Amino acid sequence: MYVADSRAGAPEAAAASAESAARSRAGRRLTAVGPTVLALGTVSLITDVSSEMVTAVLPLYLVAGLGLSPLGFGLLDGIYNGFSALVRLAGGHLADRGGGRHKWVAGAGYALSALCKPLLLVARTLTPIGLVLAVDRTGKGLRTAPRDALISLSSSPETRGRAFGVHRAMDTAGALLGPLVAFLILRETVDGYDAVFTVSFCVAVVGVLVLVLFVPGGGVTRPAAGAETPAAPGAAPTERAVPRPTLLAALALLRRRELRGITLCALLLGLATVSDSFVFLLLQRRLGVPDRWFALLPVGTAAAFLLLAVPLGRLADRAGRRRVFLAGHGALLLAYGLLLTSWHGTALPFAVLFLHGGFYAATDGVLMAAASDSVPVELRSSGLALVQTGQALARFACSLAFGAAWTAWGDRTALMVSAVALALCALFSTILRPVRRTPATSAEGLA
Amino acid sequence: MTLRTRILVLVSALVVLAGVATASVLHASARAERRNQAQPGGPLITTGTVALTDSRRLVFRNMAWGPHRDELTSVPASDPSGPRTASKVKCLRFYAASGTGVCLQAVHGTVQDTYRAVILDSALRVRARYDVPGIPSRARVSPSGRYAAWTAFVGGDSYAGTNFSTRAAIVDTRTGRLTPSLEAYRVVKDGSTYRSSDVNFWGVTFADDDRTFYATMATHGTTYLIRGDLATRTVTTVHTNVECPSLSPDGTRVAFKKRVEGLPKDAPWHLYVLDLRTGRETALAEPRSVDDQVVWRDDRTLVYALPGDYGADLWTLPADGTGRPRRVSTAAVSPAYPR
């Protein structure tokens, strides 16, 4: 009954943070994130409402509305996910070429997904519906890296963790709201799937409009003009020749010790991160969670993610991103530990889901913030795409391995092995410790 | 653009989009009115008594617009496109045999729909209710009417993605004993016990001994026809690439949808009949991809649903590979011939 990992790419995040336009050069310590981050967060929130509306009703639409079985989708999903990883790299690269195309590449991604919604109204069999969803995924893959690059470029290094935290929280809020909106529409209508798709389209258009109107266009200010702009404090100060944004240069990023270290950490830890579906299944099996509550388990994780994203992002800025990133994996380890104990209290599912959401809050945006510090402005989008794709592939590999281990040894042993692997990877990542960059030293441009 | 202009543009767009969104919701909710009017040329429907013991009639979920949409409806088995008698009992999926019906329904809640399986007696009175963990899909009753089975699609992660797993449940309607998931059964594959976390079951079909059943089992990308034993709670693989099997009344053959190489990945199924003794497969004369668990009208004829203008239509086809598909009824799904 397991469900293959559908979240290998981590929760779709939107971008947030955008001080480049608004931040005063005087270096006034901003207590909140900049307007660009808020604008990008709003775009993500709105877009997630739109896309999760569709995701929530699609199975019902297929089975009850069209009389099909949605199983075919499950089989296609893996292909889409793999494809999405490739598109992500392409999106990252496209956004970097020509200097400041982040906004427009991200916008194209958002627009592509928006256009898919009305198409669902006319696609009435599995093949066209499958195609529409594939295009939707393409849009999602295309926009992720440029958007995260925009967030990092429009926030200062010392507030970057918070900026990503705000963005992830807004993104998750949208994902939680979407199904609710869809359900309300279905309640008010008779078989109102067409209304759900139409409203979803309208909402998606608003998202694109907010992006076009309120996210500053230029995005990247080239630091070539001498003084490092506040938009680009993350670029290693030692950089002499600014790399041109070619594909080769993007790959050459991995020669940088710091980024290599981060990518390696993300890969290693990703390899030991059991997919969400398995965590929920284990929780259900350990506790005998009633079937009808099963669908609520991901909501629990998302709620904890929403609550913790901002505070943990801030903590990452103050206490160090690596530390918080590793602590997040510690929370995951603790969740595994709770699942392995024989304790069956009513508090257990809450504790596990809280830790699980905390894990996402401490790692998802924080990793992007950390990676941003070691990718030059010109290649920001490609660099982030590289890290994201590496992590997603590692998690996918882990899903496959965990499925095999579960088959061979049973769920408990498989989880035990994963826990040990995670502990070892975390230990190794602690020792590996790529060059430590404290916010204080990297933020001199602000003084 | 100044901030003022941008806000103006956004607000104007919001007004237009809100108008479109509101109109679409109103349009969809007003549909209740129109759906209460039968569409021109649609079948004639009247309210009446639907009994699950009348072997001269065919019972299905009526999908035609009008006040009886989604209700269990019966028509003369000899004239499936003839006048319909509607029962007021609404089901998403349905099946019946020997005076026992299983009706999979949606229960509309405040923030979420839930689903349940209802066991009906021959006069469609509720005998028992069971929670269904996801969107209901297949339903079957054993020829004696003693056992009922259903399949639900369960989204393991509603937060993202379109992955589903399935759970097939079987209930003994006499004792009320429920097996919520066939995953509780021992799986024998290639002669030895098989364990895997990715096992999914769907599409149960019963033999008339009230002990043997067949179903689909999927694991590691392969679908198997399995023969189940209700007494020993064991399932054994007997054939590969079989989905949604349906056992013939004489118990010798299984009609099923087979995933065929070269077809689009999301519409990949053609109908086949497998002879259980010889293991020989016969391709049926339906060129379209069929996503349904077919029903045997008798030992020679199959009935199944294909998407149509009002949801789904019922089609019939000879079970021996000859002939051609013929539409017998529009706006109908989940057929059952009470025997």
message: For the range B:268-277, check the following and say yes or no: at least one residue is of a type in the set (Asp, Glu), part of a strand (DSSP E or B) and surrounded by 15 or more Cβ atoms within 10 Å (Cβ to Cβ).
response: no
query: For the range B:216-230, which residues satisfy the criterion of being outside any strand (DSSP E or B) and at pLDDT below 95?
result: B:His220, B:Gly221
statement: Scanning the range B:228-249 for residues that are within 15 Å of B:Val199 (Cβ to Cβ), touching a Gly at 6+ places or on another chain (Cβ under 7 Å) and of a type outside the set (Val, Ile, Thr) gives B:Glu243
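Is it the case, given these coordinates, that B:Ala18 is under 24 Å from A:Tyr193 (Cβ atoms) and part of a helix (DSSP H, G or I)? Write out each step before concluding.
Working: under 24 Å from A:Tyr193 (Cβ atoms): yes; part of a helix (DSSP H, G or I): yes.
The answer is yes for B:Ala18.
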- request: Could you figure out which of (1) of a type in the set (Ser, Thr, Tyr); (2) within 14 Å of chain A (Cβ to nearest Cβ); (3) buried (at least 19 other Cβ atoms within 10 Å of the Cβ) isn't true of B:Thr222?
  value: (3)
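Answer yes or no as to whether A:Phe354 is of a type in the set (A, V, I, L, M, F, W, C) and either surrounded by fewer than 21 Cβ atoms within 10 Å (Cβ to Cβ) or touching a residue at least 40 places away in the same chain (Cβ under 8 Å) (or both).
Values: of a type in the set (A, V, I, L, M, F, W, C): yes; either surrounded by fewer than 21 Cβ atoms within 10 Å (Cβ to Cβ) or touching a residue at least 40 places away in the same chain (Cβ under 8 Å) (or both): yes.
For A:Phe354, the condition - of a type in the set (A, V, I, L, M, F, W, C) and either surrounded by fewer than 21 Cβ atoms within 10 Å (Cβ to Cβ) or touching a residue at least 40 places away in the same chain (Cβ under 8 Å) (or both) - is met.
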query: Taking B:Asp313 and the conditions (1) touching a residue at least 40 places away in the same chain (Cβ under 8 Å); (2) in a strand (DSSP E or B), which numbered condition does it fall short on, given that it satisfies the others?
result: (1)
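Take the residues in the range B:171-203 that are aromatic (Phe, Trp, Tyr) and within 12 Å of chain A (Cβ to nearest Cβ); name whichever of them is surrounded by the fewest Cβ atoms within 10 Å (Cβ to Cβ).
Looking at the filtered set, the residue picked out is B:Tyr194.
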message: So B:Ala255 ticks every box in (1) in contact (Cβ under 8 Å) with a residue 40 or more places away in the chain; (2) under 22 Å from B:Asp313 (Cα atoms); (3) assigned to a loop (DSSP other than H, G, I, E, B) but one. Which box is left unticked?
response: (3)
task: Consider A:Asp276 carefully, then state whether it is modelled with pLDDT of 85 or more, charged (D, E, K, R) and crowded, with 16+ Cβ neighbours inside 10 Å.
output: no
statement: If we keep only residues of the range A:282-301 that are modelled with pLDDT of 75 or more and either of a type in the set (Asp, Glu) or surrounded by 24 or more Cβ atoms within 10 Å (Cβ to Cβ) (or both), then the residue farthest from the chain's Cα centre (by Cα) is A:Leu297
query: So which residues in the range B:1-40 are within 23 Å of A:Leu211 (Cβ to Cβ) and within 7 Å of chain A (Cβ to nearest Cβ)?
result: B:Arg6, B:Val9, B:Leu10, B:Ala13, B:Leu14, B:Leu17, B:Val20, B:Ala21
query: Do we find that A:Val190 is farther than 15 Å from A:Gly41 by Cα, part of a helix (DSSP H, G or I) and not basic (Lys, Arg) in this structure?
result: no
message: Just to be sure I understand, how many residues within the range A:381-424 are small (Gly, Ala, Ser), crowded, with 19+ Cβ neighbours inside 10 Å and within 14 Å of chain B (Cβ to nearest Cβ)?
response: 6
query: Would it be correct to say that A:Thr341 is β-branched (Val, Ile, Thr), modelled with pLDDT under 90 and surrounded by fewer than 21 Cβ atoms within 10 Å (Cβ to Cβ)?
result: yes
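Can you tell me which residue among A:Leu142, A:Leu184, A:Leu176, A:Leu133 is more than 13 Å from chain B (Cβ to nearest Cβ) and assigned to a helix (DSSP H, G or I)?
Working: A:Leu184 fails: more than 13 Å from chain B (Cβ to nearest Cβ); A:Leu176 fails: more than 13 Å from chain B (Cβ to nearest Cβ); A:Leu133 fails: more than 13 Å from chain B (Cβ to nearest Cβ).
After applying the criteria, what remains is A:Leu142.
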field: Among the residues listed as B:Ala86, B:Ala96, B:Ala28, the single one being under 22 Å from the mean Cα position of the chain (by Cα) and surrounded by fewer than 23 Cβ atoms within 10 Å (Cβ to Cβ)
entry: B:Ala86
task: Could you grab me the full set of residues in the range A:108-125 that are surrounded by fewer than 23 Cβ atoms within 10 Å (Cβ to Cβ), more than 10 Å from A:Asp136 (Cα to Cα) and in contact (Cβ under 8 Å) with a residue 12 or more places away in the chain?
output: A:Ala108, A:Pro118, A:Leu119, A:Leu121, A:Arg124, A:Thr125
task: From B:Pro335, B:Pro307, grab the single residue that is at pLDDT 95 or above and either over 27 Å from B:Gly66 (Cα atoms) or not in a loop (DSSP other than H, G, I, E, B) (or both).
output: B:Pro335
- request: For the range B:105-130, name all the residues that are within 12 Å of chain A (Cβ to nearest Cβ), farther than 24 Å from B:Asp229 by Cα and out of contact with any His (no Cβ under 9 Å at 6 or more places or on another chain).
  value: B:Gln105, B:Ala106, B:Val107, B:His108, B:Gly109, B:Thr110, B:Val111, B:Gln112, B:Asp113, B:Tyr115, B:Arg116
field: Hey, A:Thr246 among the polar types (S, T, N, Q), over 20 Å from A:Gly91 (Cβ atoms) and either modelled with pLDDT under 85 or surrounded by 22 or more Cβ atoms within 10 Å (Cβ to Cβ) (or both) or not
entry: no
- request: Would you check if there is a residue in the range B:71-94 being among the basic types (Lys, Arg), touching a Ser or Thr at 6+ places or on another chain (Cβ under 9 Å) and within 30 Å of B:Asp209 (Cβ to Cβ)?
  value: yes
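The values are calculated or read from the model by the stated rules, or taken from the named source; none is laboratory data. Worth saying up front: this structure is predicted, and the values here are computed from it rather than measured. Here the Cβ is made from the backbone with ideal geometry for all residues, glycine too, and neighbour counts use every protein chain on show.
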